[in-house]
Amino acid sequence: MRCRGGTSNIGIVTVPAAAACQNHFDREAIGICVECRARICSECVTKVDGINYCVACYARLADRGAVRRTEEAKATHPAVAYLAAAGLLLFTTLATWGLLQVAFPGGG
Ligand SMILES: [Zn+2]
Ligand SMILES: [Zn+2]
């Protein structure tokens with residue numbers, strides 16, 4: 001038992017069983033595995049997209065291939081965005097011109 005040098009007279013720091021990690025009884029659990037609902041500490045937790053997994057469940061997920069490490073960015077291609085913008089501009093121009101023709105027939 002290592003002395004932590006505190007002035008507290010409580011020699012043993014005990015984490016309540018209800019809040020302890022399932023793997024480390026002296027560590028406080030910071031999260032719960034979404035798969036098996038196990039309490040896990042910061043050392044046992046593996047975060048995937050902000051979701052907590054315990055070591056065992058993460059290993060299972062990785063084995064199934066459910067966890068994709070590749071980052072598939074669905075970024076719009078610059079050319080597509082440019083064409084869309086140009087098309088919108090053309091449409092707006094034509095629509096405005098058409099409205100003017102309707103509003104002022106004959107051109108004055
Ligand atoms: Zn789990
Ligand atoms: Zn742990």
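Put simply, the amide H of ASN52, placed in the peptide plane, has neighbours under 5 Å in VAL34, leaving out anything fewer than 5 places away on its chain. For the listed peptides 44-53, 31-40, a ranking on the average number of other beta carbons within 10 Å per residue, highest first, reads 31-40, 44-53. Packing order of peptides 16-28, 84-96, highest average first: 16-28, 84-96 (average count of other Cβ atoms within 10 Å over each peptide's residues). With θ taken as phi - 60° and the coefficients 6.51, -1.76 and 1.60, list the Karplus ³J(HN,Hα) couplings across region 85-93 in order, rounded to whole Hz; mark glycine and proline as x. Taking θ as phi minus 60°, the curve returns 5, 5, x, 5, 5, 4, 4, 4, 4 Hz for region 85-93.
Given the Cα-Cα distance of THR93 and VAL80 and 0.36 nm per residue of separation, how much length would full extension add, in nm? Residue separation times 0.36 nm, minus the Cα-Cα distance, leaves 2.7 nm.
With the simple model of a label 7 Å out from the Cα in the direction of the Cβ, PHE25 to VAL48 spans 3.0 nm. Once the chain from PHE104 to ALA18 is taken as fully extended at 0.36 nm per residue, the excess over their C-alpha distance is 23.1 nm.
A short reminder: the numbers here are calculations on the coordinates, not readings from a lab. All figures in this text were calculated on a predicted structure; none of them were measured in a lab. Here Cβ is always computed from backbone atoms with ideal geometry, including for glycine, and neighbour counts include all displayed protein chains.
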